[in-house]
Structures are given as structure tokens and as C-alpha cells.
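Input: a single structure, listed below in C-alpha cells.
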Amino acid sequence: MSISPQAKLQIKKLVRELRSYRAPHTEFVSVYIPAEYELTKITNHLAEEQGTASNIKSTSTRKNVQSALEKMIQHLRLFKKTPENGLVVFSGNIAAAEGKQDVRVWSIEPPIPLNIRIYRCDKIFVTDILENLIMDQHVYGLVVLDRRDAILALLKGKTIIPLQKTHSEVPGKFKAGGQSAQRFARLREGAAKDHYKKIAEYMKEQFLPLGNNLKGIILGGPGVTINDFVGYDYLTGEIKRKIIGTKDLSYTEEFGLQELLDKSEDLLADEEIAIERKIMTRFFTILRDQPTKASYGEKETLRMLETKVVDVLILSESLPENTIFDLEEKARQGGAEVAIISVETREGVQLRELGGIAAILRYEIQQ
């Protein structure tokens with residue numbers, strides 16, 4: 001399920017504010033309510049926590065926790081039922097001065113169904129789960145195979161999500177009595193081919209529906225097996241084009257997936273850099289051939305953002321976080337895409353030296 005830029009920005013804005021607060025003691029309350037969960041159960045639980053908080057020795061901490069819980073309970077009573085995707089609520093005393101009170105409450109419906117329930121009282125608001133919801137939805141396909149087994153999985157961030165296993169009927173190395181060596185070898189070879197065809201079919205079924213969210217596929221297994229599999233016409237052209245690399249592995253199944261991930265860190269880093277280089281190459285080509293269709297530097301690019309002619313806003317990761325956030329919001333208002341570029345490439349360094357801000361425009365703008 002895709003998340004709209006508006007929803008992402010709304011969450012980023014809330015997280016940015018919540019992360020700016022810190023309590024002197026464990027006084028900030030964070031609650032994550034799953035989709036379809038009964039609100040009355042949550043309010044009853046919070047009321048119980050209010051009672052438990054009466055045992056807190058520190059008068060100010062006790063008062064702050066109970067006030068935060070009361071504020072949250074009153075806020076939840078405004079809802080007739082849990083919103084469709086669940087609800088995330090935060091409450092706490094954000095007054096900086098000791099002994100002062102400014103108890104506030106925030107709530108947001110997540111952009112996708114929430115499947116986790118959390119109650120936590122801490123010195124900071126728990127925002128990491130909310131942040132994870134809007135992480136890049138792109139994934140990599142992982143395939144580990146040998147002549148007998150195979151497993152397909154997705155890599156999302158650093159998390160491996162197994163999808164499908166398959167097992168071949170390739171006979172063992174020792175032939176049954178009475179069979180000729182040649183006939184046995186043919187049986188083994190035929191079964192291996194059927195196994196490879198099945199893997200290729202599963203790859204097509206599992207990976208192609210992901211469309212542009214699939215950034216690439218990495219294959220792992222014994223070197224000879226991988227060469228046999230890739231070297232013949234088992235894979236369709238569309239799948240073959242998605243393969244970004246192969247790795248020689250010692251293990252199969254789940255252990256093999258982890259080994260594949262461990263051995264592919266350089267490959268994944270190179271892939272991210274390749275994507276960044278592609279964006280920067282496009283920008284520099286346009287700047288050279290159609291200079292009035294590109295801009296760089298803060299002042300000029302901000303002017304282009306204000307007039308809503310930016311197609312792709314390109315920002316260096318070296319910029320302050322607040323600056324990136326503010327520019328992302330301006331880009332969204334003008335319907336522009338945003339690309340964050342690292343400084344790990346020559347092109348990324350060039351962007352930083354140009355002021356860290358550049359843009360590809362929708363059409364040429366005469367100065």
C-alpha cells in the first residue's frame with residue numbers, strides 16, 4: 001500500500017516536534033492502538049495506569065504522569081471508535097521549567113493499518129514505530145538456491161521477509177541398483193532443470209507484481225549452480241534485468257538468506273550509489289545542454305520552488321535536518337519529487353559544493 005506524500009509529511013512534522021521535547025523523568029506517555037482494537041479497553045488500561053502512578057514517590061513526576069494520562073483519556077473519549085488504521089497518541093508535560101505544567105496531547109491516524117499495541121511511559125516520546133511506517137517502501141528480492149532447495153525472500157531495510165520455499169526431486173548422488181550411469185545422470189539433470197524452471201516461475205510470481213518498488217534481485221548459492229541457473233533460459237528478460245548481482249554461498253534456506261545479506265552489503269551500497277549517480281548525471285546533463293531547465297544554489301532554487309516549476313528537488317544529505325524538512329514541504333506543495341544525495345560520490349561532493357541544493361525543472365525558464 002503506497003503512502004501519500006501529504007501523509008508522510010504530516011508524520012514527519014509531528015515526529016519532528018515530539019523529538020524536540022525531553023522530560024526530566026519518565027513522564028511522557030506514548031500509546032499505539034491497533035486497527036479494530038476497542039478504545040474502551042485502552043481507556044480502562046490508562047485509568048489503571050493512573051492508579052498505579054499514585055505510587056510514584058516524586059510529587060512532580062507523579063503529578064505529570066497522572067495529568068498526561070488524564071489528558072489522553074479525555075482526548076480518546078472524543079472518538080466514537082478506533083479509526084480504520086488504528087491510532088497513535090502522545091501526551092506529556094512539555095513545560096521546560098521545573099514545577100510548571102503545560103500538558104499537551106497529540107494523536108494521528110497512521111497511513112496504513114497498525115498491527116502493534118504499545119503503552120510506554122518514558123523520558124522521550126516513542127516515535128520510531130511511527131517513523132518506520134513511512135520508511136522507503138522499496139525492497140530487494142533475495143533468492144538462495146542449490147540443486148535441491150531454494151528460498152525466495154524480500155529485503156526491506158535490514159529486515160528479511162521469507163516468501164516461498166521449494167524443494168526439488170533431484171536424486172541423490174548414489175544411483176539405485178540396476179540403473180545405468182548415463183540414465184541416472186539424465187534423471188538427475190532433468191530433475192535439476194525442472195527445479196530451476198520452478199524457481200524461475202516463483203520469482204516471476206513473487207517479484208514482478210512489485211513493479212517499481214522492486215529495486216533489484218540478488219541471487220546466492222554454490223557458484224556452479226548459480227551459473228547453471230542464470231546461464232540458461234529459465235528466467236524471463238524482465239526478471240533478468242532486475243538481477244543486480246550474485247554471491248557464492250555456503251548455506252541454503254534461512255541461514256543462506258542471512259549469509260547472502262551479509263555478503264551483499266557492498267552490492268547494496270553500490271546500488272544506492274548508482275541510483276544517486278543516475279539522478280546527478282541527469283541533472284548535470286540538463287545543466288550543460290539546457291541550462292534554463294535546471295537551477296542550483298539556495299536562493300535560485302527557492303525561487304523556482306515558490307513558482308512551482310520544480311520537477312525534481314535534489315538535496316545534499318550534508319544539509320541541516322531542519323533545512324531538508326522545510327524544503328521537502330515546499331517541494332510537496334509544488335508537486336515535486338525529492339531526492340536526497342549522499343556525499344559518497346564525486347557527483348554528491350559536487351552537489352555539496354554547489355550549495356547542497358539543486359533542481360531539475362519541468363520546462364525551461366528564461367532568466
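The values are calculated or read from the model by the stated rules, or taken from the named source; none is laboratory data. All values derive from a computational prediction rather than experimental measurement. No Cβ is skipped: glycine too gets one built from the backbone with ideal geometry, and neighbour counts run over all protein chains shown.
Per-structure values
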read-out	value
Index of the failed condition, G211 passing every other in (1) touching a helix residue (DSSP H, G or I) at 6+ places or on another chain (Cβ under 6 Å); (2) modelled with pLDDT under 90; (3) under 26 Å from L268 (Cβ atoms)	(1)
Hits in the range 325-347 (condition: part of a helix (DSSP H, G or I), over 27 Å from I11 (Cβ atoms) and touching a residue at least 12 places away in the same chain (Cβ under 8 Å))	E347
Those residues of the range 5-51 which are under 17 Å from G86 (Cβ atoms) and part of a loop (DSSP other than H, G, I, E, B), in sequence order	P34, A35, E36, Y37, E38
3 or more residues out of contact with any Phe, Trp or Tyr (no Cβ under 8 Å at 6 or more places or on another chain) and closer than 20 Å to Y196 by Cα: qualifying helices (runs of 4 or more DSSP H) within the range 210-296	223-231, 237-242, 253-263
Selection count where residues are in contact with an Asp or Glu (Cβ under 8 Å, 6 or more places away or on another chain), of a type outside the set (D, E) and surrounded by fewer than 20 Cβ atoms within 10 Å (Cβ to Cβ), scope the range 296-323	1
Residue in the range 55-64 that is under 24 Å from S20 (Cα atoms) and touching a helix residue (DSSP H, G or I) at 6+ places or on another chain (Cβ under 7 Å) present	yes
Single condition V312 does not satisfy, out of (1) under 30 Å from S20 (Cα atoms); (2) in a helix (DSSP H, G or I); (3) among the aliphatic types (A, V, I, L, M)	(2)
Qualifying residues in the range 254-295 (those that are basic (K, R) and surrounded by 14 or more Cβ atoms within 10 Å (Cβ to Cβ)) - the one modelled with the lowest pLDDT	R277
Some residue of the range 42-54 being of a type in the set (G, A, S), surrounded by 19 or more Cβ atoms within 10 Å (Cβ to Cβ) and within 30 Å of R332 (Cα to Cα)	no
Residue in the range 276-291 that is within 30 Å of I226 (Cα to Cα), among the acidic types (D, E) and in contact (Cβ under 8 Å) with a residue 12 or more places away in the chain present	yes
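The rows are residues; the columns are (1) modelled with pLDDT of 95 or more; (2) touching a Gly at 6+ places or on another chain (Cβ under 7 Å); (3) not charged (D, E, K, R).
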{"residue": "S2", "(1), (2), (3)": "no, no, yes"}
{"residue": "K8", "(1), (2), (3)": "no, no, no"}
{"residue": "K13", "(1), (2), (3)": "no, no, no"}
{"residue": "E17", "(1), (2), (3)": "no, no, no"}
{"residue": "V29", "(1), (2), (3)": "yes, yes, yes"}
{"residue": "P34", "(1), (2), (3)": "no, yes, yes"}
{"residue": "T43", "(1), (2), (3)": "yes, no, yes"}
{"residue": "N85", "(1), (2), (3)": "no, no, yes"}
{"residue": "F90", "(1), (2), (3)": "yes, no, yes"}
